[in-house]
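Accompanying notes for the structure given below.
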Amino acid sequence: MKISKITLPILMVAASTSFASAQDTALFDEIMRAYEGINTAFEQDDTATIETLVTPDHVSISPYYGGALDLEEQLAVDGQLSIAQSPVGEITVSPLSDDVVLLQFVSERSGSFAGEPLSERAYVTIVWVRENGVWLERMYQETPVP
């Protein structure tokens, strides 16, 4: 997959200052580091690292995929994806339990999949689970935003 690096430091500081406690800020920082890590691995086409950053039952859902793909299916077609994206507006990290977190934001992007242009904006939802102290991506979903 050809993906340009997504940088979030300014957004991370802005979003993290709205948290009520240091614990919330620490969780936000942990999730954003995990998010940056997986994006870097995809940018570098580093399959071995990607496999360590997702759960075995990972699923990716995107309109350009035509539905839900498990990791093996996603990696098989990601060479057809060229994308540059950047979160805009608020980034939210919502704990669903001690070891499950929902990350959400709107992304502005450009690129194509299999030669077809991507929508310019998407609502991104990612479920992260903590296993053995490590945050892993369980589900990634994009929904086009008009």
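Any read-out appearing in this document is the output of simple, stated calculations on the displayed coordinates, not a laboratory observation. Quick caveat, the model's predicted, so the values are computed rather than measured. With ideal geometry, Cβ positions are generated from the backbone for all residues, glycine too; neighbour counts draw on all protein chains shown.
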Which residues among the range 24-52 fall inside the zone where the amide N is under 16 Å from a point 7 Å beyond the Cα of Asp98, along Cα→Cβ?
24, 27
With each pseudo-label sitting 7 Å past Cα toward Cβ, what's the Thr40-Asn132 distance in nm, one decimal?
2.0
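With r defined as the distance between the Cβ atoms of Val88 and Asp57 and R0 fixed at 25 Å, what FRET efficiency is calculated, to the nearest 0.05? Present the calculation step by step, with values, prior to reporting the outcome.
Values: r = 30 Å, r/R0 = 1.21.
Plugging the Cβ-Cβ distance into 1/(1 + (r/R0)^6) gives 0.25.
Once you wrap a convex hull around the alpha carbon atoms of the range 32-102, what is its projected area averaged over all directions, in nm²? Working shown, then result.
Values: hull surface 22.8 nm².
Mean projected area for the range 32-102: 5.7 nm², to one decimal.
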